[in-house]
Every structure is written in C-alpha cells, then in structure tokens.
Amino acid sequence: MKRREFIQSAASLAAMSVIGKMTNSCGHPSGLRRKLGKTGFEVFPVGYGGIVSMNDGQEASDRYVSWAIDRGINYFDVAPSYGDAEEKLGNSLKAYRKNSYLACKTAKRLSKEAEPEFEQSFKHLHTDYFDVYQMHSMSKQEDIDQAFGPGGVMEMMVKAKRDGRVRRLGITAHSEEIALKAMALYDFDTVLFPVNWMMNMKTGMATELCNDAKKRKMGLLAMKSLIHRRWFDQSEDRGDYGKSWCKPIPSENKALGIAAIKYAFRLGADIILPPGNFKSFSFAVDHIEEIITHPVTAVESALLENEYAMVKEYPFF
C-alpha cells in the first residue's frame, strides 16, 4: 500500500467509526472503538498480537486474521523477532491493510543495525509505511544510552516519521524505570507495557507509568493483562498456550480472566494485546463488551485478591 493512500485510509476509517448501529458477526458494536491517546487513531479495545500468527502456518494465520477483522479488530502489532509472524501476518493482512492500523518494532539500538531490518519488515508486511513504529523491549540504562545517543535508533525513527514512512512513534518495555526515562526524553505517541493485576498488587508495577502516560496523552497499550504467572520450566505442559511466553489464565476460568482484564482497563489501558495464542486472544474479544461496559465489581476484586494471596510468590517474568 502506497503513502498516497493515507488520506483514503483515513477517510475509510473515519467513515467506519460513524456507522451508528453497525454490528459485526459477533455482535460487537463499532461504538466499542476508542481513542488511542493523541495518535488520532480509533481502535478496538483488543489488538491482535502478531505471535498469534506465528508458527501455525499461512492457512491458520489467514483464519485468525479473518476472524479478528469480522469482529472489529483494527490494530495489529508485530515484530521481526516473532519468528515467521511478520511474513504470515503480512500475507493475511493484505486485503485489510487500508482499513487497519499496523504497528511494528525494532529491538536494535543503533540506526545502522535497524535500517536493514526496517526495510525487511516493509517487505514481509507488504506495506511502505507503519502506523506505529516502536523502540522495542527497553530494559536497561544501556538501551537508553545507545538508542538516544549519536547514531542511535531514535535518529532513524525520527527521520522515518519525517519522511512519512512512519505515522506515530512508540516504545515497549518491561522495566517501568527505563520506560519512564525514555518517555521523558522524547514525546512518544504510544507505550506498550505489562499492565498485570498480580504484579500491580505485588509491587505497584504500572501505576506510575499509566499515570505518566495519561499526562502525556500517550496511547497506552497493555500486555500481559491476562497472564497468571511464569512457566515453571520447559517440562510444564502448556496445552493450548505453547506460544505464550508466560502462563495465561486459562479460558475456562472465565471469571478470573474477565476480572484480570477489567483490572488493566481500570489502571488506564486504552487497548490490550492478549498473550500470543488464539485461545487467549479470542477469549478477550468474546468478552470485551462486558469488560468495557461494566467496571470491576467488589466480587471480582475479591476474586483477584484471593488468587493473588494463593500465588503471589510465583515467579512472573
């Protein structure tokens, strides 16, 4: 898709956002879409994480993406480090690209390393621009020193935005301290961060970041909101959740899963990216209307607190 289609894409998305009572095959009204911070994007509250498309083959990826589109999902996130996800998602998304927001990432810290990866991502994803491009997995001071220093990846990212190859810039991180430092150095449009009920109860993790992101009017994308704990070891039976880096709350535990996602939205998430498997993704989509329209109840708060009391010593990530 060419940059000249930006205006056409924006018009299409705007039109879609005002079709009143329009519903999809799952009954979700288009009114569930919300503003993603200061990006100007109107997004469904559940995003599609590219790992869902990873390793399952092209036919499966096509089914997953078609299912997502039918239910109103319009934000897709992927990274070069996600195995074959870029290639599979790129093929699956071809027919829907002009009406979707596509986010990509780089974990490279120097421009000279990020540039060839950037071009390869365009080829894999059959596009010549990204709606969001993110400095990925910021975790230590060295990441900041390199990325924001001479020849750092920020130089490439800012130039790409200036040249129209990237519409918005963001960061992803697992360290709250490092994320906050990066946010203070540049006026990013989005931040992708773990907003998890258990870690927030345990250490307060994400509270300061959520507050700071809101002050800066950044779009807040929450990951790991449906996570229960870290996998204990490689021998643990992962069942339907083999692609998830941490152990999700099983879909069968509906009440706990819904409560956990509600907790993330209460902290300030604009959109969640469920764990990288179709079962967790579809669980979030199937229950999102209930989650968005009904705040955390006293019963759900008690459920989360009781679960936390039982597993608070488990490793998380």
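Nothing in this text is a laboratory measurement; each read-out follows from the coordinates by a stated rule. Worth saying up front: this structure is predicted, and the values here are computed from it rather than measured. Glycine gets a Cβ as well: all are built from the backbone with ideal geometry, and neighbour counts include every protein chain shown.
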Fill in: Complete set of residues in the stretch 162-211 that are within 17 Å of A103 (Cβ to Cβ), among the polar types (S, T, N, Q) and in contact with a helix residue (DSSP H, G or I) (Cβ under 8 Å, 6 or more places away or on another chain)
T190
Worksheet item: Give me the pairs: first residue in the stretch 281-302 and part of a loop (DSSP other than H, G, I, E, B), second residue of a type in the set (G, A, S), beta-carbon distance under 9 Å, and six or more apart or on different chains, which are they?
Response: V296/A259; T297/A259
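Per-residue answers, yes or no, for (1) hydrophobic (A, V, I, L, M, F, W, C); (2) out of contact with any His (no Cβ under 7 Å at 6 or more places or on another chain); (3) touching a residue at least 40 places away in the same chain (Cβ under 8 Å):
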| site | (1), (2), (3) |
| --- | --- |
| E115 | no, yes, yes |
| Q120 | no, yes, yes |
| Y133 | no, yes, no |
| K140 | no, yes, no |
| A147 | yes, yes, no |
Worksheet item: Among M157, M183, which is the only one that is buried (at least 16 other Cβ atoms within 10 Å of the Cβ), in contact with a Phe, Trp or Tyr (Cβ under 7 Å, 6 or more places away or on another chain) and closer than 24 Å to I271 by Cβ?
Response: M157
Worksheet item: Does any residue of the stretch 56-73 turn out to be surrounded by 16 or more Cβ atoms within 10 Å (Cβ to Cβ), polar (S, T, N, Q) and touching a Phe, Trp or Tyr at 6+ places or on another chain (Cβ under 8 Å)?
Response: no
Worksheet item: Tell me, which strands (runs of 3 or more DSSP E) wholly within the stretch 43-153 include 3 or more residues that are in contact with a strand residue (DSSP E or B) (Cβ under 7 Å, 6 or more places away or on another chain) and under 17 Å from F281 (Cα atoms)?
Response: 75-77
